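So the structure is just underneath, and the comments pick up after that.
The values are calculated or read from the model by the stated rules, or taken from the named source; none is laboratory data. None of the values given here were measured: they were computed from a predicted structure. Cβ placement follows ideal geometry from the backbone for every residue including glycine, while neighbour counts extend to all protein chains displayed. Just the protein is used for accessible areas: all its heavy atoms, side chains included, with ligands, DNA and RNA removed. Shrake-Rupley method; radii C 1.70, N 1.55, O 1.52, S 1.80 Å.
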Amino acid sequence: MKKILLSLGVAWSLSTSLVAQQVIPFPTKILSQEKKIDLSKIKSIYIDDKRLLRDAEIFNEYLMRIDGKQALPIDKTKQNALILTYDSKATEETYRIESLYDNSVKISGKVSGVFYGLMTVFQALNSVESSLPKLEDQPAFKWRGMHLDVCRHFFDVSFVKRYIDFLAMHKLNTFHWHLTDDQGWRIEIKQFPLLTSIGSKRKETMVEKNFNPYKGDGIPVQGFYTQEEIKDVVAYAAERNVTVVPEIEMPGHALAALAAYPEYSCNKTPVSVMTTWGVSDDVFCPNDETVAFLKKILDEVLLLFPSKYIHIGGDEVPKTRWKTCAVCQEAIRKNNLKDEHELQSFFIKKIDAYLASKGRNSIGWDEILEGGLAPNAAIMSWRGEEGGIAASKQKHYVVMSPGSHCYFDHYQGNRQTEPLAIGGFTPVQKVYAYSPIPEGLSEAQQKYILGAQANLWTEYIPTTKHAEYMAMPRMCALAEVLWSGKNRPGYEHFVPRLENHFLLLEKLHINYSKAIYDVAISHQATGGYVFATLQTPFKEGTMYYTTDGKDPSVNATPYTKRIFITKSGKLKAQYFDHGEPKGNIVSRVFELHKAVSLPIISTITPTRGTLNLITDGQVSQLPKVIDEYTCWKDQFPTLTVDLHRPTAVTSLKICALKELENNNYLPTAITLEVSSDGKNFSILKNFTEKEINDSYKQHQAIQFAIDTKSRYFRCTFENQNKLLNPEEKAWLLLSELILQ
Ligand code: ACM
Ligand code: ZN
């Protein structure tokens, strides 16, 4: 803790105790640590400028959402009052809080700053201490965003407003509203009514991940926002200092639009709104008629959204149709374009110029860099940081949103206990550790990084409760990254504040994830043994664990030092505070065997993962965590393990994963050879495809009895798999190779 405090600099060094319990994002400048500003004596609000009236009213709306709290009267009393002062010299979004005589508290700033001051007071009022230090606060980044995909699943206006409330409460200022996609068109466009009468409806939705064979739920989905509703949302957001940036996807992710108006596709044949996830090959044909159509749509969009930036998508555009479309090929030839990427760029530039002619800027996903960036376009970097780096070097503005840290549709906790998600692993700690400024940019280039945002794609998020769960509390961590910036006080300081903040989230009936309480288990295999380490960011409670299969309780073993795994079985762990379990039970399966911690040699370097995972003693459980597997694509390897001395072995178990929908296949044959010198091998057994599959059916692993005493064991895996989709390649995923 001391180290953390030292790194904060003087302004914060003594402030920890005073404000540790409250306020996310953490204020950037504590002006006085000695004197607490007591908020409990506040009885009313006084405003010195009527521009601040809505701030005060909205503050009251937040208060009234909490059971037992009442709005504060807005009147002329200056004693025991929150005094809101308009400071015309203040920078936008900054504010200052200080105590005044007569038990009053002054918040000064412009409208946006006073709003944020009130959000700080709101959080502090609902915390354990109900007090604040004197402070001055301002954001590190201009673009502090959250995105919401309303196409894969539709969320009504009341939820959209609630989501905006979450943003505002955490001083996030940009709401990226993803309004159109392959699976639904959600914005009323008066000139093209079929966009909503056809494009906002789909027949049904794929059940979980049943791509192949496809399984639908049979439940029709529909929903869109009328223009009146959109105006209402935009105004609602504006009063909370949130800018709404609409996204109208083009030229890809357009199937819902093409279901309504197939004449703007290359084939011009009827299509239906997509019921599976993924990307449609049918995209807009980027011809003059399509551009005219999209301009008319944008005309209506611009009337609804005053934002400087208009998001035009641009991601994941298959070029399949363009390659065989006479019109597209003629456009490439006539305009001296190199290929379909340049055709996309040619198209985006027209849209970019149109928006520029209306005084707006386009922003698009990082694919719009390909084939050349449009003059006014900003980039949203999602496929890592590279797009953002490239764009800032070209002097284009950038919003960072890399999948690694900013995709809140990823898992945030243990897959065994979390609801089904698209994949990935982005826990709160990882979000908190994010730095929107990529390494290696010059100071001038850094200026082009406007900020960052997190994206909530909703393929696997069907309900509002679930959306809240995925957003919270990761949104809190993101808010601190973006507001408090690089001098934020650190994860150890954040965690206790977050725990206090959970009480406020509960008062607001927000469905947040408690995955942060889940114990993190890591392990090391060394010298033939396995050791497991348990970690939690929480200091107060205790982690308990079992190795006998029973669920942990306060009667189980408390964790004090790393655990020596002495027998095969399941390690289960859980965090308890005041005798109460807090997170979920987390488990790992370990199998001790004769190859544990011994190196493996492979003829082919794994495509993903490392070879030591195959003898680390851990057997992966389902649902799969890809990082626990060693993976080969297409070319399956020969693996050799050296047991160092002739060793009696009676069984071979290969923990592989068969998951055809993800192209993960078993080997079609295995040859097992043994050797005493590592040079001359003799075949011990050949296993056929049928034997492999029968064993897998029975054991969920490839398991055979053998009988040998040898030093070297060599397995050769064949891949003659015929894939469901012949354009894909088969993967081999191994979690452990067990010799007993
Ligand atoms: C994206 O996630 N396709 C931008
Ligand atoms: Zn075409």
Report summary line: Subset of the stretch 259-282, residues within 16 Å of ligand 1 (Cβ to nearest atom), open to solvent by less than 40 Å² (accessible area, probe 1.4 Å) and in contact with a helix residue (DSSP H, G or I) (Cβ under 6 Å, 6 or more places away or on another chain), comes to Met274, Ser280
Query raised in the report: Does Pro306 count as surrounded by fewer than 21 Cβ atoms within 10 Å (Cβ to Cβ) and not acidic (Asp, Glu)?
Result: yes
Query raised in the report: Just checking, how many residues over the stretch 679-719 are touching a Phe, Trp or Tyr at 6+ places or on another chain (Cβ under 9 Å), in contact (Cβ under 8 Å) with a residue 24 or more places away in the chain and polar (S, T, N, Q)?
Result: 3
Requested in this report: Kindly indicate whether any position in the stretch 536-552 is over 22 Å from Lys430 (Cα atoms) and of a type in the set (A, V, I, L, M).
Outcome: no
Query raised in the report: For Leu294, are the conditions met, namely being open to solvent by less than 20 Å² (accessible area, probe 1.4 Å), farther than 28 Å from Ser112 by Cβ, within 16 Å of ligand 2 (Cβ to nearest atom) and out of contact with any helix residue (DSSP H, G or I) (no Cβ under 7 Å at 6 or more places or on another chain)?
Result: no
Query - Counted residues, the stretch 274-291 - those being within 30 Å of the chain's Cα centre (by Cα) and within 16 Å of ligand 2 (Cβ to nearest atom) - result: 5
**Report entry** Selection from the stretch 312-324 of residues that are open to solvent by 10 Å² or more (accessible area, probe 1.4 Å) and either assigned to a helix (DSSP H, G or I) or within 8 Å of ligand 2 (Cβ to nearest atom) (or both)
**Finding:** Thr320, Arg321, Lys323, Thr324
Report task. Check off (1) among the small types (Gly, Ala, Ser); (2) within 27 Å of Lys161 (Cβ to Cβ); (3) open to solvent by 10 Å² or more (accessible area, probe 1.4 Å) for Ala479 and give me the number that stays unchecked. Result -> (3)
**Report entry** Odd one out for Pro726 among (1) in contact (Cβ under 8 Å) with a residue 60 or more places away in the chain; (2) open to solvent by 40 Å² or more (accessible area, probe 1.4 Å); (3) outside any strand (DSSP E or B)
**Finding:** (1)
Query raised in the report: Which pairs have Cβ atoms under 8 Å, sit 6 or more apart or on different chains, and link a residue in the stretch 398-409 that is farther than 10 Å from Ile379 by Cβ to one that is in a helix (DSSP H, G or I) and open to solvent by 10 Å² or more (accessible area, probe 1.4 Å)?
Result: Ser404/Lys430; His405/Lys430
Query - Qualifying residue in the stretch 304-312 (condition: within 15 Å of ligand 1 (Cβ to nearest atom) and under 20 Å from Lys358 (Cα atoms)) - result: yes
Requested in this report: Look at Pro246 and say whether it is surrounded by 20 or more Cβ atoms within 10 Å (Cβ to Cβ), more than 16 Å from ligand 2 (Cβ to nearest atom) and more than 24 Å from His341 (Cα to Cα).
Outcome: yes
Report summary line: Per the list (1) surrounded by fewer than 21 Cβ atoms within 10 Å (Cβ to Cβ); (2) of a type in the set (Lys, Arg); (3) part of a loop (DSSP other than H, G, I, E, B), residue check on Arg162 breaks on (3)
Report summary line: The number of residues in the stretch 38-61 that are within 37 Å of the chain's Cα centre (by Cα) and under 16 Å from Met119 (Cβ atoms) is 10
Query raised in the report: Taking His341 and the conditions (1) open to solvent by less than 60 Å² (accessible area, probe 1.4 Å); (2) within 16 Å of ligand 2 (Cβ to nearest atom), which numbered condition does it fall short on, given that it satisfies the others?
Result: (1)
Query raised in the report: When you scan the stretch 325-337, how many residues do you find that are more than 9 Å from ligand 2 (Cβ to nearest atom) and surrounded by 17 or more Cβ atoms within 10 Å (Cβ to Cβ)?
Result: 2
**Report entry** Only one of Ile351, Ile363, Ile368 that is buried (at least 24 other Cβ atoms within 10 Å of the Cβ) and assigned to a strand (DSSP E or B)
**Finding:** Ile363
Report summary line: If we ask which residues in the stretch 414-429 are buried (at least 20 other Cβ atoms within 10 Å of the Cβ) and either within 16 Å of ligand 1 (Cβ to nearest atom) or at pLDDT below 95 (or both), their number turns out to be 3
Query raised in the report: Within the stretch 375-404, how many residues turn out to be surrounded by fewer than 22 Cβ atoms within 10 Å (Cβ to Cβ), farther than 18 Å from His147 by Cα and within 13 Å of ligand 1 (Cβ to nearest atom)?
Result: 0
Requested in this report: Could you list all residues from the stretch 655-712 that are of a type in the set (Ser, Thr, Tyr), more than 19 Å from Phe636 (Cβ to Cβ) and open to solvent by less than 80 Å² (accessible area, probe 1.4 Å)?
Outcome: Ser675, Ser682, Thr708, Ser710, Tyr712
Report summary line: Requiring at least 1 residues that are modelled with pLDDT of 95 or more and crowded, with 16+ Cβ neighbours inside 10 Å, the helices (runs of 4 or more DSSP H) wholly within the stretch 1-97 are 53-64
